[in-house]
Amino acid sequence: MITAKIINNIHIPDFDFANQLLEIAQKIMIPDMAQGIHKNRTIDNKRFPRLDPATIRQKRGRGKTLINTGKLVSAFTFKKRGKSKVIISLRADRKKIGGYLQIDGIRARTGRKHFNFFGISKKAERKAVKLMA
């Protein structure tokens, strides 16, 4: 018969991952989301829905992307929360439009159009894992 003794004084190092997560947010995730918006691509590398002709006219022909003033792309922020969490969000003045575009969607004749730009793409995820390794 095999006997095992359980020792309860296992030492787990007290890691502070927040600095690495801050670097991932600043150097990988936020640039990846901004690049996706510029390239008219969602975080899962699909094309954004086509803009309605009225929206394109309002943007004076710049109908390829969500960018009109550039305020949304430059509104990504990040902050450390404890030793193992970093929050990425939009500045308060752009949260409403960001939620409207991605979550609520824009009403169109063909249904709701969602612009999934906020999150982590597979490409950014691979870069983050490589950095952490």
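The values are calculated or read from the model by the stated rules, or taken from the named source; none is laboratory data. Since the structure is predicted, the reported quantities are computational estimates derived from the model, not experimental observations. Quick reminder, even Gly has a Cβ in these numbers, built from the backbone with ideal geometry, and neighbours come from all protein chains shown. Protein only, heavy atoms only, side chains kept; ligands, DNA and RNA dropped before computing areas. Shrake-Rupley method; radii C 1.70, N 1.55, O 1.52, S 1.80 Å.
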So, of the residues in segment 24-43 that are part of a helix (DSSP H, G or I) and farther than 21 Å from V129 by Cβ, which turns out to be most open to solvent (accessible area, probe 1.4 Å)? H38
With (1) free of Cβ contacts under 8 Å to residues at least 40 places away in the same chain; (2) over 18 Å from L22 (Cβ atoms) as the list, and A133 as the residue in question, which single condition is left unmet? (2)
Log entry, pairs with first residue in segment 35-48 being on the phi > 0 side of the Ramachandran plot, second being aliphatic (A, V, I, L, M), beta carbons closer than 9 Å, six or more apart or on different chains, reads N40/L66
Of those in segment 77-133 that are part of a loop (DSSP other than H, G, I, E, B) and of a type in the set (F, W, Y), the residue most open to solvent (accessible area, probe 1.4 Å) is F118
